[in-house]
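Read-outs throughout are calculated quantities, based only on the coordinates presented, and are distinct from any laboratory measurement. Not measured: the values here are computed from a predicted model. FYI the Cβ positions are ideal-geometry reconstructions off the backbone, even for glycines, and counts take in every protein chain you see.
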Amino acid sequence: MVNDSEKYTSKDNSPEDNRPPGIDATLAIDGGEPVFPAGPPIWPAQNEATTLLLQQAARDGIWGKYHGPHWEKLRMILAQSHGVEHVHLCCSGTFAVELALRTLGVSAGDEVILSAYDFPGNFRAIEAIGARPVLVDINPQTWGIEPAHVPEALGPQTKAVIASHLHGGLIPMPELMQMARKYGFFVVEDACQSPLATIQGKPAGTWGDVGTLSFGGSKLLTAGRGGAILTSDPIFHQRAKVFCNRGNDAFPLSELQAALLYPQVKTLPQSNARRHQNVLHLRSSLGNTINWKTIESVSIDRHAEAWQPSYYKLPWLLPVEETPYTRAELITALLAEGVAVGEGFRGFFRRGKNRCRQVGNLSQSRLVAQHTMLLHHPILLENRDVIERLVVAIHKVDQGLRSKAKKYPSAAELTQPWEPPFGGGSAWMATELVPSDLAGVREEDSVWRDHPLVGRQSVAVASRRTADGEDNFDTGW
């Protein structure tokens, strides 16, 4: 019996006809049957234990308590599972990063180093304190900060570094911590996307001076909202408690949230292992048939037992010069097949000098911000048959888009005036909407359809800089 993920070859061996049997070869965006008609798995996953817990909470009234028994049980299991002395629960992972910086004594006028590709809230957390972000480039194999770039970013005002484990990648924390001790800066280890991942056998979030966790609605540990900081330093823990106390805890995690999280922490190691095995199988099944680059950190390629990732998102980097479709087209097509994918972070490299200091050209951060696609994690907990169908969906979309793709038009071709087919507007020079001719426009922000010269029509998003370096986007035909 032929497996769904095995491709067949037509009589003429044309790659366009390499379609898996039993699957509608017509893309869902073109009216075909989706590979996953019911859509992606929901998250948080429905289970009877959660339902019973909520019913019990309603009966005994724990949902209205401050720092009740479930809150304390969660604190204890997080401390035990991470091997730290102190856990401070709080309202979100975003706030946890800000709180971690405050516990380390970061204040107005200080500088905090982070990668130019990171969660936007980390940049804002630095600004919220009055400190100044300093941007360095990432390691493109891990999508995380490259420790080797840190020394050149150090200055007299440097107080801390934020090291975020993103998309299943793991930063080499031993190397970064050795550097921190040598040069005298603190490290906030952001494990919001990587709870209970391990680096050389030690949990992510415990290498830094303070670690952070997130319990947001889409996270691997979820209570809808919530977060925590981890540390073994009693001074840092005390500072966190003092800052949050405004007569009571002003940034709390509720008793009900704690009750929901406790059983998830107990099963997280098994869930992480299952996701990791499914990622390995997915990579093996795709092999060299798909030229998208995925995570290549030591967490996959070396020391399997000592380096254990936890995938909140699985990234792919699209090789723009080898892929005849844009990221936007790919995401649209996969979503239509029932696969939960999206773009990566936009990054901070467009931020102005009045908001941050940039070190180097940040080329790798620019690259991943513009060409990263992320697979959401719920499907990675499914059985092997579902993963095989995911392989089918990826092959189907890649082949379908390749068969539809046409060559990108030359600048000379695009100098001809063209009247929009829907009428009502004056003719314009198509070259005005070519990404290479618009400063700040990303290639994936142009979608081509039905242009008389190239077979598709261009919708471009023109990027304008505001005074603070943020981007506003206008869409024009």
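Is it the case that some residue within the stretch 174-185 is within 22 Å of the chain's Cα centre (by Cα) and either within 12 Å of Val97 (Cα to Cα) or crowded, with 24+ Cβ neighbours inside 10 Å (or both)?
no
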Seminar exercise, completed: Only unsatisfied item for Gly227, checking (1) assigned to a helix (DSSP H, G or I); (2) buried (at least 19 other Cβ atoms within 10 Å of the Cβ); (3) of a type outside the set (A, V, I, L, M, F, W, C), is (1)
Seminar exercise, completed: Considering the stretch 78-102, residues that are more than 26 Å from the chain's Cα centre (by Cα) and outside any loop (DSSP other than H, G, I, E, B), and then whichever is surrounded by the most Cβ atoms within 10 Å (Cβ to Cβ), we arrive at His86
Problem set entry | Single residue of the stretch 115-143 satisfying the filter (of a type in the set (Gly, Ala, Ser) and out of contact with any strand residue (DSSP E or B) (no Cβ under 6 Å at 6 or more places or on another chain)) that is farthest from Val368 (Cα to Cα) | Gly130
For this session: Please find, within the stretch 62-77, the residue that is farthest from the chain's Cα centre (by Cα) out of those that are hydrophobic (A, V, I, L, M, F, W, C) and closer than 17 Å to Leu256 by Cβ.
Result: Ile62
Problem set entry | Answer residue from the stretch 163-216, given it is aliphatic (A, V, I, L, M) and part of a loop (DSSP other than H, G, I, E, B) and is nearest to Arg75 (Cα to Cα) among those | Leu196
Exercise. Which ones in the stretch 228-269 are more than 26 Å from Ser310 (Cα to Cα), in contact with a strand residue (DSSP E or B) (Cβ under 7 Å, 6 or more places away or on another chain) and among the aliphatic types (A, V, I, L, M)?
Worked result: Ala240
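Take the residues of the stretch 146-170 that are out of contact with any Asp or Glu (no Cβ under 8 Å at 6 or more places or on another chain) and of a type in the set (Val, Ile, Thr): which is nearest to Leu318 (Cα to Cα)? Write out each step before concluding.
Our first condition is that a residue be out of contact with any Asp or Glu (no Cβ under 8 Å at 6 or more places or on another chain); within the stretch 146-170, this holds for 148, 150-154, 156, 161, 167-170.
Going one step further and asking which of them are of a type in the set (Val, Ile, Thr), we end up with 150, 161.
On the way: Val150: 27, Val161: 29 Å.
Result: Val150.
One line per residue, one yes/no per condition, for (1) more than 26 Å from the chain's Cα centre (by Cα); (2) among the β-branched types (Val, Ile, Thr); (3) not in a strand (DSSP E or B):
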site	(1), (2), (3)
Gln55	yes, no, yes
Gly105	yes, no, yes
Asp118	no, no, yes
Phe123	no, no, yes
Leu135	no, no, no
Gly155	yes, no, yes
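Does Ile62 count as β-branched (Val, Ile, Thr) and more than 25 Å from His377 (Cα to Cα)?
So Ile62 fits the description; yes.
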Problem set entry | Criterion violated by His237 - all others in (1) buried (at least 20 other Cβ atoms within 10 Å of the Cβ); (2) under 23 Å from the mean Cα position of the chain (by Cα); (3) not in a strand (DSSP E or B) satisfied | (2)
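Residues being in contact with a Lys or Arg (Cβ under 7 Å, 6 or more places away or on another chain) and within 30 Å of Pro44 (Cβ to Cβ): count how many of those fall in the stretch 348-370.
Final tally of qualifying residues: 1.
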